[in-house]
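These notes are about the structure you will find just below.
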Amino acid sequence: MRILLVEDDLEQLEPLQGILSEAGYIVDAAEDGEIAQWLISQKDYDLLIVDWMLPTISGLDLCRQYRLSGKNAPVLMLTAKDTTPDKVIGLDAGADDYLVKPADLVELLARVRALGRRVPNWQGYSLRIADLQFHLAELSVERSQVKVELSPREGQLLEYLMRHPNQVLTRTQIEDALWEYGMEPESNALTVLIRKLRQRLQVLGAEDWIRTVYGMGYRLNPQE
């Protein structure tokens, strides 16, 4: 999943972004509502994690505007406001869940997993194409009872390819999907990542599933 994390307190933003990234999520971070609003106009997100009290545009107004725009990805509201009336206000503004700060990181990950199940293309904790199965939670891919572990970035690439089987994906599409906003990958980063993933799949006899479409990009072409 691609997550937008909006938090103006760097002491809370950095550990939250770190644990989400370690869990395999692609996380764009913003420190105020105006930047978050611009990012939302540029990219589609699977989940928003938004602090209530933000500079320029509050998390509450950001959530309202997001819903009015017709977008329906889940929103998790972070706030120190813990009374029932405050929670009702947040939920009525369009939030799907509510977590009181300071957020417990284990609970945060559990809530993210729960909200992730509402994403339209969520297919459980594993993806399967033909006889290849990718276990998302443990970052391992399995075929014919042989299992190989992946790095978080390799897992992100495989998940993206498996969600778009038989489609030609350009380098730009893949880089936009895998790298956080503001992080420009080196010119050969995707080439290296594709090679590493093919090496992992070679153990499973599936390295030729990732086809290079010269002059265009890459395609996951499953073999039955």
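The values are calculated or read from the model by the stated rules, or taken from the named source; none is laboratory data. Computed from a predicted structure; not experimentally measured. Every residue, glycine among them, receives a Cβ derived from its backbone with ideal geometry; neighbour counts consider all protein chains shown. Surface accessibility is based on the protein's heavy atoms, side chains included, excluding ligands, DNA and RNA. Shrake-Rupley method; radii C 1.70, N 1.55, O 1.52, S 1.80 Å.
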Can you pull out every residue in region 207-223 that is surrounded by fewer than 11 Cβ atoms within 10 Å (Cβ to Cβ) and either on the phi < 0 side of the Ramachandran plot or among the aliphatic types (A, V, I, L, M) (or both)? Tyr214
Top-ranked residue of region 173-182 - restricted to ones that are open to solvent by 60 Å² or more (accessible area, probe 1.4 Å) and within 13 Å of the chain's Cα centre (by Cα), ranked as farthest from Thr212 (Cα to Cα): Tyr181
Only residues that are among the β-branched types (Val, Ile, Thr), buried (at least 18 other Cβ atoms within 10 Å of the Cβ) and in contact (Cβ under 8 Å) with a residue 60 or more places away in the chain: list them for region 8-39, please. Ile26, Val27
Of all residues in region 121-148, which are buried (at least 16 other Cβ atoms within 10 Å of the Cβ) and either assigned to a helix (DSSP H, G or I) or of a type in the set (Val, Ile, Thr) (or both)? Ile129, Val141, Val148
Could you check how many residues of region 40-59 are among the polar types (S, T, N, Q) and either open to solvent by less than 60 Å² (accessible area, probe 1.4 Å) or in contact with a Cys (Cβ under 9 Å, 6 or more places away or on another chain) (or both)? 1
Quick one: Thr170 ticks every box in (1) of a type in the set (Ser, Thr, Tyr); (2) surrounded by 14 or more Cβ atoms within 10 Å (Cβ to Cβ); (3) in contact (Cβ under 8 Å) with a residue 40 or more places away in the chain; (4) within 30 Å of Ser41 (Cβ to Cβ) except a single one, so which number is it? (2)
Output for Cβ contacts, cut-off 9 Å, separation at least six or different chains, first residue within 18 Å of Leu20 (Cα to Cα) in region 176-193, second of a type in the set (Gly, Ala, Ser), reads Trp179/Ala189; Glu180/Ser21; Glu180/Ala29; Tyr181/Ala29; Tyr181/Ala30; Gly182/Ala29
